[in-house]
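What follows is a set of notes on a single structure, which appears directly below.
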Amino acid sequence: MKLRFNFLATLTGRLTVIYTILTGLLALLMVLFIYVILIESLESQYDEIMELYANDIENIYQTKSLEILRETLQDSEQDDPDSSEGFIRFITRDKRVIAASNLATWPNLTIEDYPFQQLANRKSFVEIVDYEHRKNPIRMLYWKIEDDLIMQLGLQYEDASYVIGQFTVTVGIVVLIAVLLSAFIGYFMANRAMSGVKQVTSTASSISSGKLNMRVQVENQPEEIEQLARSFNMMIDRIESLIGELKDISNSVAHDLRSPLTRIRGNAEVVLRGDSGVEDYRTMAQRVVEDCEKLESMINTMLEIASLDSGVIVLKKEQLDIKALLLAAKEIFSEVAEDNQQLLTFSLPEQPVFMKGDRSTLQRAIANLLDNALKFTPESGTIAINLAQIGKQIELEIKDTGPGIARENYKKVFDPFFREDSSRTKPGNGLGLSYVKTIVEKHQGQITASCPKEGGTLFSILFKQP
């Protein structure tokens, strides 16, 4: 199947078309505006010429006599024998023409009553009349001489029509050139504006083929494209990081699953190959159950972390007292610490410390941290829990006197399945701290691991309340 390139289907093509249409509309509006101004200017000039001429003729009539006026009109005909451009005539209310220029080229001129009515309260008015013996319309001026006498002056509109026609042709050519030029400029601008998007597309294609090290160049790009490129690069960095974490988790999962499965298979093979009795089968079954419980616990924790990260599990947050949760944990873990000959201390404020959170997950997170501290603290060691509220911030610290964490592993300690070499002999699957970090972040908090000067490990949790 052939792929057909559809220019209008591309954003560049659509932007070009939109830019061309808008430019064309703007040019058309400008032309219409100029056209209206030109028409009004030409009409004003024609009206001004006719009014000046009418005023001169009226002066002749008022200062001299009707005979002199007739002679003047005849003299004007001798100076300009071609009377086809215009005419003058004096009309009385009873529709008599008492003086006129040569009307030989103006046959069938009618005399109406309405000019007298229109001039009742004004000196003059102008109208455009279609005259059957002329191609172009006639501009007609009616000028009041006396109440019963008006002057009618007609002027052919030929010059104005010619100017308007030439203007229309010229402007049409100019608009066409402007539209073509705007299409070219619009394509150039749209193509340049989309260059950053095309670069993102090209990089995305390279990444989809497996080149995860590719990144979009963000220099010399518009601010919006630069933000898009930076966000895209951050997304790819995150994806690359997640893929790396996934590989590490896969290796860890494979290792942690392989060990109990190997033990289960080994126990089964030993029993099957030997001359085993009921007690041997009973022992094998007990070991298989223990390994299955470890596998079930690990898988459930993995699924819960994944569900919390993806939003499948929504925490049921309520107003609770974090101090009360720590006191409940104290009752449970104090006996364990006493059996291990460890000292478990709690430094809590006198007043309740309220925060909005999910009770069950916070209880489990606190239990994981305390269990982890007790596990790695030797006999006669100390585990100190400090809780403080400063303004809208809640600070929780759990410090132990165990062997501590290597400095290079402070950040890795919260990764799923991460365990230091020295801790692999201890029970666990490396998911406890990862679960704690997920719960803390779901409560808009931060957790960090550090090494105090006196040794051991310090876990600091900071909750910021709205």
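Data for the structure
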| read-out | value |
| --- | --- |
| Arg258 being open to solvent by 90 Å² or more (accessible area, probe 1.4 Å) and at pLDDT below 70 | yes |
| Residues of the range 392-413 that turn out to be under 43 Å from the mean Cα position of the chain (by Cα) and of a type in the set (S, T, N, Q), as a count | 2 |
| Filter result for Ala328 (among the hydrophobic types (A, V, I, L, M, F, W, C) and more than 18 Å from Leu458 (Cα to Cα)) | yes |
| Filter result for Tyr142 (among the aromatic types (Phe, Trp, Tyr) and under 30 Å from Val31 (Cβ atoms)) | no |
| In the range 50-75, the residues that are of a type in the set (Lys, Arg) and not in a helix (DSSP H, G or I) | Lys64 |
| All positions within the range 125-183 that are at pLDDT below 75, open to solvent by 30 Å² or more (accessible area, probe 1.4 Å) and small (Gly, Ala, Ser) | Ser161, Gly165 |
| Among the candidates Glu279, Glu226, Glu290, Glu304, residue that is assigned to a helix (DSSP H, G or I), exposed (fewer than 11 other Cβ atoms within 10 Å of the Cβ), at pLDDT 70 or above and of a type outside the set (Ser, Thr, Tyr) | Glu279 |
| Among the candidates Ile383, Ile366, Ile405, Ile394, residue that is out of contact with any Asp or Glu (no Cβ under 8 Å at 6 or more places or on another chain), outside any helix (DSSP H, G or I) and not small (Gly, Ala, Ser) | Ile394 |
| Residue list for the range 387-408, filter: closer than 11 Å to Phe459 by Cβ, open to solvent by 50 Å² or more (accessible area, probe 1.4 Å) and not acidic (Asp, Glu) | Lys399 |
| 1 or more residues polar (S, T, N, Q): qualifying strands (runs of 3 or more DSSP E) within the range 94-190 | 124-129, 149-156 |
| Single condition Gln118 does not satisfy, out of (1) under 20 Å from Glu58 (Cα atoms); (2) surrounded by 12 or more Cβ atoms within 10 Å (Cβ to Cβ); (3) free of Cβ contacts under 8 Å to residues at least 24 places away in the same chain | (3) |
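The values are calculated or read from the model by the stated rules, or taken from the named source; none is laboratory data. Since the structure is predicted, the reported quantities are computational estimates derived from the model, not experimental observations. Heads up, the Cβs are rebuilt from the backbone with ideal geometry, glycines too, and the neighbour counts pull from every protein chain shown. For accessibility, only protein heavy atoms count, side chains too; no ligands or nucleic acids. Shrake-Rupley method; radii C 1.70, N 1.55, O 1.52, S 1.80 Å.
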